[in-house]
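A.B. asks: Handing you this structure, nothing more for now.
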Amino acid sequence: MLRQFQQASPGKIPVRGFLHVPESPSGDGLVLTHGAGADCQSLLLVALAIAFAESGVAVLRCDLPFRQSRPHGPPPRGSAERDQQGLRAAIASLRQQVSERTFLGGHSYGGRQATMLAAAQPDLVDGLLLLSYPLHPPKKSEQLRTEHFQSLRTPALFVLGSRDGFGTVEELTTALKLIPARTELMLVQGGGHELASAKSIASVTHAVVQAFRKFVAQQAG
């Protein structure tokens, strides 16, 4: 079941997006958000949310606060803290819908904000799903976005396209050694920063769901 989701409390960041409720719920839930140039209606997020819901995981697919404020364009300078507050509010909202574990996932910028939030609050969620983590700006490999990795203690599955201009598999493999938590890297052969095309989206999302379910099952064991 899919329904629009909007929740706001006085003095708190509003949550806006779509809630995917599985027919046979496992009790687990996943907050899923988008990159800097997209919104929660991106092809990748919609396909992933549907696939996760079919596997029994409730998904709150949501817009970050910067996207709620402006329909187009990248996040303005200084918006990271508010966007992280938005993720925290989305997690709190999803917890009202599920009874078991809560996970946090994001594509590119959304994933980076998820790691920064989890680094600051290690017990906030049970695991991270990081899609096309933007390790550095394209062609600027010296500008690494790893300053918080040593504080990240939440288990994390990173999913990377083999043609992603924001970081190579070798660069990301090296960066993951900075993280004290358990990590795993899933490589999407031929994938760019968007991970999948319209033709490959079904197979890629299925593989991501299977990899993440296996990753968190090992964690539970």
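The values are calculated or read from the model by the stated rules, or taken from the named source; none is laboratory data. Not measured: the values here are computed from a predicted model. Positions of Cβ are generated from backbone atoms using ideal geometry, with glycine treated the same way; all protein chains shown enter the neighbour counts.
A.B. asks: Of everything in the stretch 19-46 that's of a type in the set (A, V, I, L, M) and assigned to a loop (DSSP other than H, G, I, E, B), which residue is nearest to Ala90 (Cα to Cα)?
C.D. replies: Val21
A.B. asks: May I ask you to verify whether Leu178 is surrounded by 17 or more Cβ atoms within 10 Å (Cβ to Cβ), at negative phi and not hydroxyl-bearing (Ser, Thr, Tyr)?
C.D. replies: no
A.B. asks: Which one of these does Asp28 not meet: (1) buried (at least 22 other Cβ atoms within 10 Å of the Cβ); (2) of a type outside the set (A, V, I, L, M); (3) in contact with a Ser or Thr (Cβ under 6 Å, 6 or more places away or on another chain)?
C.D. replies: The single condition Asp28 does not satisfy is (3).
A.B. asks: For residues that are on the phi < 0 side of the Ramachandran plot and of a type in the set (D, E, K, R), scanning just the stretch 124-141, find the one that is surrounded by the fewest Cβ atoms within 10 Å (Cβ to Cβ).
C.D. replies: Of everything passing the filter in the stretch 124-141, Lys140 is surrounded by the fewest Cβ atoms within 10 Å (Cβ to Cβ).
A.B. asks: Scan Ser197, Ser141 and give me the residue that is at pLDDT below 95, part of a loop (DSSP other than H, G, I, E, B) and either over 19 Å from Ala38 (Cβ atoms) or in contact with a Gly (Cβ under 6 Å, 6 or more places away or on another chain) (or both).
C.D. replies: Answer to the check: Ser141.
A.B. asks: Considering (1) acidic (Asp, Glu); (2) within 19 Å of Leu104 (Cα to Cα); (3) buried (at least 20 other Cβ atoms within 10 Å of the Cβ), say which one Asp164 fails and leave the rest.
C.D. replies: Of (1) acidic (Asp, Glu); (2) within 19 Å of Leu104 (Cα to Cα); (3) buried (at least 20 other Cβ atoms within 10 Å of the Cβ), only one is false for Asp164: (2).
A.B. asks: Let me ask another. Kindly check whether there is at least one residue in the stretch 97-105 that is polar (S, T, N, Q), buried (at least 20 other Cβ atoms within 10 Å of the Cβ) and modelled with pLDDT of 95 or more.
C.D. replies: Yes, the stretch 97-105 contains a residue that is polar (S, T, N, Q), buried (at least 20 other Cβ atoms within 10 Å of the Cβ) and modelled with pLDDT of 95 or more.
A.B. asks: Might you let me know whether the stretch 27-38 holds any residue that is β-branched (Val, Ile, Thr) and either touching a residue at least 24 places away in the same chain (Cβ under 8 Å) or farther than 20 Å from Phe212 by Cα (or both)?
C.D. replies: The answer is yes, given that some residue of the stretch 27-38 is β-branched (Val, Ile, Thr) and either touching a residue at least 24 places away in the same chain (Cβ under 8 Å) or farther than 20 Å from Phe212 by Cα (or both).
A.B. asks: Filter the stretch 195-210 for residues that are small (Gly, Ala, Ser), closer than 23 Å to Asp28 by Cβ and surrounded by 15 or more Cβ atoms within 10 Å (Cβ to Cβ) and give the result.
C.D. replies: Result: Ala207, single match.
A.B. asks: To continue, here is another question. Of the residues Thr146, Thr154, which single one is under 16 Å from the mean Cα position of the chain (by Cα), farther than 20 Å from Leu44 by Cβ, among the β-branched types (Val, Ile, Thr) and buried (at least 16 other Cβ atoms within 10 Å of the Cβ)?
C.D. replies: Thr154
A.B. asks: Tell me which residues, restricted to the stretch 8-25, are surrounded by fewer than 18 Cβ atoms within 10 Å (Cβ to Cβ) and on the phi < 0 side of the Ramachandran plot.
C.D. replies: Correct list: Ala8, Ser9, Pro10, Lys12, Pro14, Val21, Glu23, Ser24, Pro25.
A.B. asks: Just the residues that are surrounded by fewer than 16 Cβ atoms within 10 Å (Cβ to Cβ) and not in a strand (DSSP E or B), please, taken from the stretch 181-194.
C.D. replies: Arg182, Gln189, Gly190, Gly192, listed by residue number.
A.B. asks: Among the helices (runs of 4 or more DSSP H) contained in the stretch 50-129, which hold 3 or more residues that are touching a residue at least 60 places away in the same chain (Cβ under 8 Å)?
C.D. replies: So the answer is 80-95, 109-120.
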